[in-house]
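Heads up, the thing below is written out as structure tokens.
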Amino acid sequence: MATQSLYRRYRPRRFSEIRGQEHVVRSLRNAVINQREGQGYLFSGPRGTGKTSSARILAKVLNCTNSVDGEPCCECPSCLAVEAGTSYDVHELDAASNNGVDAMRDLIEKASLGTPGRHKVYILDEVHMLSKGAEAALLKTLEEPPPHVVFVLATTDPQKVSATIRSRVQHLEFHLLPMDELEQHVRWVAADAGLTVSDEAFQAVLAQGGGSARDTLSALELVAAGGGEVPETLSYDEFIEAFIAHDPGQALAALAHAVQQGRDPRTLAQDIVRHLRDCFLSLMAPELVQLPDQRAGVVADQAQRMGAAAIVRSMEKLGEILVEMRHAPDPRLLLDVALVQLTHEAAGSDLGAILSRLERLEQTVAKGATTSAPRPAPVDPNTGRAALGGRALTTEPVPRAAPAPAAVAPAAVVPTAAAPPAPLTRAPAPPAPVGADAVVAAAAAPPAGSGTAITAASIAAVWQPVILPTLKPMARALFSAGHFQGERNDALVFGLPNETHRTRCEQYRADVERAIEAHFGSKVQLVLVLDSSPSRDDAPSQTTSPRTSDPGASTPGSAQTASGAQSEPDEDIDMDDLTDAPPESVLSPLDRLAQAFPGSKLIDEQR
Ligand SMILES: [Zn+2]
């Protein structure tokens, strides 16, 4: 005898057994208890979330002779008949295969006939597949249904159901199950069915199910059939690793393997996109990743190594070919080409390819700042030659003069070969010192035998190119708007444009003090004051670009523009929303006009 599938065997029989759809269940049960059930429902949601099961339970309870508290008894002849699919009161129609107007007319004709039970329930699955004519026929009945008839329309795609139909039914939305709830359920089913499944296999099953109870149980069934171990399923990791390694050969081999296993290129592309989406989410909003913890960790690591730009580009590219594949005589060829383009960057000349190359370059440079791998000596940006002593610094560890390893700035670590290897999960690195700045940082290394007094002048020289980039983005943005004014009672006086700004900066004062201490090796105290210098009208928009290699850029007035326009800093701006302004914003509107119209000049300032 053939065994019943797990999904059918453990299909919910009562509302209380439906998982993760409390909002729907509550609404339906209350309607039944108060005898106010609607005549038309639209159940929408992803596949395998309990739409049809809920519809059947509703049909059962509406015809049950001893329903209690809005639940069917599951024992009376009516309940048993519905469960067996032999009830005259419940009609199921799959709109995907019976989408014509005739099937709908036939159904509607029957609707007006009497039935043995109190209610006649029509369950129309995949209702968005109905033809226009069938939909019109259904609409007519939905407008004035016979009193004993209840329509339950189910769909995975509510947007495709016409607005007129949606307006005549109660729309209930089913959701994918939260991972922990699904895991609980699957473990319970496995235990109840007496299946022995390894923990690893459970994780694989959950990842494969992706929040759908039906898909997860089907996956569990496959695993159980294979002896409870993880079956050799296709892993999309191969593709992701190929993207990361920029190895077209690896990607094509993975594709060939998948096709050999009987995978259709189109669904394969869809699955890769889904996997990429998980990677993307784990970078942007990790809380939205619907994966078991262990798997989520793997995906997060892949995402970090691949980089957002490359992920987005791959998703876009695969999304494009998914559309083309529909009409392509050989969809595999399209996928082949796309994989090569995505792995072999030189083959892609679009902006996305260039962006992801740039991002990779940045990552490599940032990584170079913390790994001990041998690499070429830093290059002096002015001469284009290797910086003096650069090679020597990379081969032998140089003890740092300053005894403050806690707040060591990435730039300051460059020369040490003893630095620990980069951890796998890096925080999104701030676009801090790279390339030329690293050299500046090395050049402006702290004075040996530190402990000498730090003056406003000595700090101004390294403030912009060295210390500012080591600050966290918020502190960097806030403090880049001010400048050192002098010393007062062993403290350094730092001027800021207005009181709000000054108060905000106070929160980060300790961080900045630590950063200065890390550089000079001796403690320093900052006093934040309102800027007394009259020549800094445009100071807040001053750029903090780490590319600035001129230490003088931080001196007052250097960012000043020729304009006499007064712009009071806006007090209402939420500083959290601010980011570093692009360099061109230093220009005043007048300057921009002058740039756009060379030779023009301001005639009348009033008009
Ligand atoms: Zn019953």
Taking protein heavy atoms only, a 1.4 Å probe, and rounding to whole percent, the accessible area of segment 31-74 owed to carbon and sulfur comes out at 42 percent
Beyond 19 Å, the calculated P(r) of segment 1-143 holds a percent of Cα-Cα pairs equal to 55 percent
The ³J(HN,Hα) series, computed from each phi in segment 297-313 with the Karplus coefficients 6.51, -1.76 and 1.60 at θ = phi - 60°, rounded to the nearest Hz and given as x for glycine or proline, is x, 4, 5, 4, 5, 4, 4, 4, 6, 7, x, 4, 4, 5, 5, 4, 4
Highest mean packing first, using Cβ neighbours within 10 angstrom, the peptides 289-297, 209-217, 324-332 sort as 209-217, 289-297, 324-332
Amide H neighbours of Leu172 at under 5 Å, excluding residues fewer than 5 places away on the same chain, with H built from the backbone geometry, are Leu42, Phe43, Ser44
For segment 182-263, the Kirkwood Rh over every pair of distinct alpha carbons, in Å, works out to 13.9 Å
With a 1.4 angstrom probe the carbon and sulfur portion of accessible area for segment 179-225, in percent, totals 49 percent
Which residues qualify? For Val150, with a placed amide H closer than 5 Å and at least 5 residues away or on another chain, they are Lys120, Val121, Tyr122
Here, GluC sites (Glu not before Pro) of segment 136-235 satisfying both criteria (DSSP loop; at most 12 other Cβ within 10 Å) are Glu232
Dividing the mean separation of Cα pairs under 8 Å (6+ apart) by the residue count of segment 237-358 yields a relative contact order in percent of 34 percent
Which residues qualify? For Glu92, with a placed amide H closer than 5 Å and at least 5 residues away or on another chain, they are Ile123
Along segment 461-471, Karplus-curve 3J(HN,Hα) (6.51, -1.76, 1.60; θ = phi - 60°) to the nearest Hz, with x for Gly and Pro, reads 5, 10, 3, 6, x, 10, 7, 3, x, 7, 6
Residue-ordered couplings for segment 523-530, obtained by feeding phi - 60° into the Karplus form 6.51 cos²θ - 1.76 cosθ + 1.60 and rounding to whole Hz (Gly and Pro as x), are 5, 8, 10, 9, 10, 8, 10, 6
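The values are calculated or read from the model by the stated rules, or taken from the named source; none is laboratory data. Quick caveat, the model's predicted, so the values are computed rather than measured. So basically every Cβ, Gly included, is an ideal-geometry build from the backbone, and we count neighbours across all protein chains shown. Each accessible area value is taken on the protein alone, full model and side chains, heavy atoms only, with ligands, DNA and RNA left out. Shrake-Rupley method; radii C 1.70, N 1.55, O 1.52, S 1.80 Å.
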